[in-house]
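Taking it in order: structure first as structure tokens, then the write-up.
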Amino acid sequence: MTDIETCLKKLGYVGVLDFATVDETGAPQVRNISAIHYAGTTLYFLTARGKYFASQLKNDGRVQILGYTKYKETIRLSGRAVEVPEYEQIKWRDILYKEQPYLENVYPGETKNIDTMFMLKDYTIEYFCLSTRPITREYFKVGSAEPLKKGYHITDSCIGCGTCQTVCPQGVIAAGVPFVIDANHCLHCGNCAENCPVEAIERI
């Protein structure tokens, strides 16, 4: 069983995370970020004010953060980042520089004043582990964020033929009226939906 604290610790062990944002044309943009400080459930990270990363965060705010462990665990954070208030910028920047000494080589001396800090307080976490059988999928929310429902659902149109059970790679569909998919172990592959003879399985 995983929890929020464990997910964040694992991201800290990974170190370098993928940060995805949306640019002014609506296209996805991804970069690797290691300058991250974890304070409770809040993530603080920095970039230079002149970078496209900073403008995308200011203009849109949506960010998705992804880490992948050697144990085949994917941890995905989704939320809206905000710029740290001006009166706290230096405080959090100095903490981050102390934890990540290489930053002094990137922005030595007064050049670090181009940096700006962002924080992520309200977000969802999706934990997905491929090294278990069946696979493990869990969702968590931090702050006021609400996780989006994902996966597949078997409707009342189910005729109980059991085809979905036979084609599920993880064997996580239980017989019933209708049959039921165990959402915590579902791959979201859609094999059940593609093979249902009466199209009783819907994507959420």
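Bear in mind these aren't lab numbers, they're just calculated from the coordinates by the rules spelled out. Fair warning: this is a prediction, and the values are worked out from it, not measured in the lab. As a convention, Cβ positions derive from the backbone with ideal geometry for all residues, glycine included, and neighbour counts pool all protein chains shown.
Can you pull out the chymotrypsin sites (Phe, Trp or Tyr not before Pro) in segment 1-81 that DSSP calls coil and that have at most 14 other Cβ atoms within 10 Å?
Those that pass, being in a loop and sparsely packed, are 71.
Consider the candidate values [x] 41, 17, 13; [y] 26, 20, 15; [z] 34, 24, 19; state which one is semi-axes √(5λ) of the Cα gyration tensor in Å computed from the structure displayed.
Evaluating semi-axes √(5λ) of the Cα gyration tensor in Å on these atoms matches [x].
Which cysteines in the chain lack any other cysteine whose Cβ sits under 4.7 Å from their own Cβ?
7, 129, 158, 161, 168, 186, 189, 196
Filter the trypsin sites (Lys or Arg not before Pro) in segment 95-204 down to the DSSP loop ones having no more than 14 other Cβ atoms within 10 Å, then list what survives.
Of the trypsin sites (Lys or Arg not before Pro), the ones in loops of segment 95-204 whose Cβ has at most 14 other Cβ atoms within 10 Å are 149, 150.
Here are some pairs, 112/150; 51/150; 72/150; which of them have Cα atoms lying more than 30 Å apart in this structure?
Over 30 Å apart, Cα to Cα: 112/150; 51/150.
For segment 125-173 and segment 1-42, write down the distance between their C-alpha centroids in whole Å.
23
Given the pairs 121/149; 10/70; 10/149, which span a C-alpha to C-alpha distance of over 18 angstrom in this model?
With Cα atoms farther than 18 Å apart: 121/149; 10/149.
For the chain, which longest stretch is free of loop sites, where a loop site is one of the GluC sites (Glu not before Pro) that DSSP puts outside H, G, I, E and B and that has at most 16 other Cβ atoms within 10 Å?
It works out to 25-198.
Estimate the FRET efficiency between residue 153 and residue 34 by the formula 1/(1 + (r/R0)^6), using the beta-carbon distance for r and 30 Å for R0, to the nearest 0.05.
0.15
To the nearest 0.05, how large is the calculated FRET efficiency for residue 122 and residue 170 if R₀ is 30 Å and r is the Cβ-Cβ distance?
According to the calculation, E is roughly 0.45.
From the helices alone, meaning DSSP H stretches of at least four residues, give me the mean residue ellipticity at 222 nm for the chain, per-run term -39500 (n - 2.57), in deg cm²/dmol to the nearest 500. Spell out each step's value before the answer.
Details: 6 runs with 47 residues, N = 204.
Theoretical 222 nm ellipticity from helices: -6000 deg cm²/dmol.
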